[in-house]
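The values are calculated or read from the model by the stated rules, or taken from the named source; none is laboratory data. All of these numbers come straight from a predicted model, not from anything done at the bench. Because the Cβ atoms are built from the backbone with ideal geometry, glycine has one as well, and the counts that use them run over all protein chains shown. For accessibility, only protein heavy atoms count, side chains too; no ligands or nucleic acids. Shrake-Rupley method; radii C 1.70, N 1.55, O 1.52, S 1.80 Å.
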Amino acid sequence: MRLDCQDIADRAAPWLDQQLSPGETELVERHLDGCAACRERLELLSEQRFERPRLVQVEAPDFWRAMDDRLAQEHERLLAERAAAGPTPTSWWKREIRLSGASLAAAAALALSLAGVSAWQAARAVQADAALASVQQELERERRLSASREPTLPREPVVLVSHLPYRGSL
Amino acid sequence: MTPNLKLVAPEAAARWTEEDIKALHADNPRMALDMVVRKYRDRLFYHASYITKDSQEAYDVVQEVFIRAMREPRFFSEEFRQKAWLFRVTSNLCFNLVRDRRRRGAILEHSFRDEHREPDQADLVFHGELRKDVLAAIDRISADHKEILILRYYDDLSYAEIAEVLEVALGTVMSRLSRARGRLQEVMDEDGRVRVAAD
């Protein structure tokens, strides 16, 4: 990337104040190496002296004291205004909007969470029903088999519930 | 006893952070405001003086700024940038004053007031070996350029702080400040030519 003379003019102050990043500084200096006009211009700007005027402020306790008094008065007035306006300084309809906005938001959040919970419960219930149905089919099949085969060997009990999703209340 | 009592020593005003002051505000709003005043009043007074060149106007502006701060509902809220806001409002009030003064053509009135100032009144003296070239030239460039030069070279604000005061991007601070210095140089060059011609 190369900078042109306008770019240098826009970066003169931060370059003189050493506020450019190292990368930008290098780009500016690369341009200055090859551009006598910009070098001359920046040299002129570097001679500007912004020395603070030696502000000799004659001590002004009276003024600051007067200002403190005035601010105290203003503060009292502000408190009185707020007290007169009631606990909430906003107008009733703004409060209504804010309240109804808050209630709406709360209701929406509740509805969403209920909907989320019930959807989740429903999904789990479907899974549970399916599992139970498959177990019942399995039992039914076992019953048919045992009815058709006489006598039967003693069998291991069927383990039913370990994979069933929880169906209780949340 | 408030846990922030250590912050109350007036000589420590400059070390109070905005966070300290905001924390105190919850317990004691009046004292928090007082801390803001102690922390910033001198700097704002100088800032106003550089723009208006009139100490009485500068005092009036500073007082008005603090009254506005008191009435600004967000002033002590967590995200609020107090310093930037105070400098911004001070600048705006000062430039309004300067503009009104110009509009009224009040130069005569102004010098009349200077002559009749009460001797015991607080005063501000721009004296000694001032760089009058720069100070005089600064008054002859646009308000935007004058403001940014004062914020940077007289109030000593960082580039990032200036960006907050002016509510612009850092890059804009860099380019505006560069152009302000360029414009200042042009005005000073013109003055120099006028002086040479007069000699």
Notebook entry, point to check: Using a 1.4 angstrom probe and counting only protein chains, how large is the accessible area of B:Lys53 in Å², to 10?
Noted result: 60
Margin query: Normalised by the empirical 2.2 N^0.38 Å for globular proteins, what value does the Cα Rg of the stretch A:1-51 take?
Written below: 1.07
Next item on the list: Report the net charge of residues surrounding A:Arg39, where surrounding means a beta-carbon distance below 15 angstrom and charges are Lys +1, Arg +1, Asp -1, Glu -1.
Entry: -4
Margin query: Could you derive backbone 3J(HN,Hα) for the stretch B:12-28 from the dihedral phi with the Karplus parameters 6.51, -1.76 and 1.60 (θ = phi - 60°), listing whole Hz in sequence and x where the residue is Gly or Pro?
Written below: 8, 3, 5, 8, 5, 8, 4, 5, 4, 5, 5, 5, 5, 4, 4, 8, 8
Next item on the list: Of the listed pairs B:Lys22/B:Lys83; B:Lys39/B:Lys83; B:Lys22/B:Lys146, which have alpha-carbon separations greater than 21 Å here?
Entry: B:Lys22/B:Lys146
Item checked: Förster-model FRET efficiency, 41 Å R0, B:Ala14 and B:Asp100, C-beta, rounded to 0.05 -> 0.80
Notebook entry, point to check: Each residue of the stretch B:147-157 in turn: what ³J(HN,Hα) in whole Hz from Karplus with 6.51, -1.76, 1.60 and θ = phi - 60°, glycine and Pro shown as x?
Noted result: 4, 6, 5, 5, 4, 7, 9, 10, 8, 6, 7
Checklist line | Spin-label model distance (nm) - A:Ala36 vs B:Arg140, 7 Å beyond Cα toward Cβ | finding: 3.0
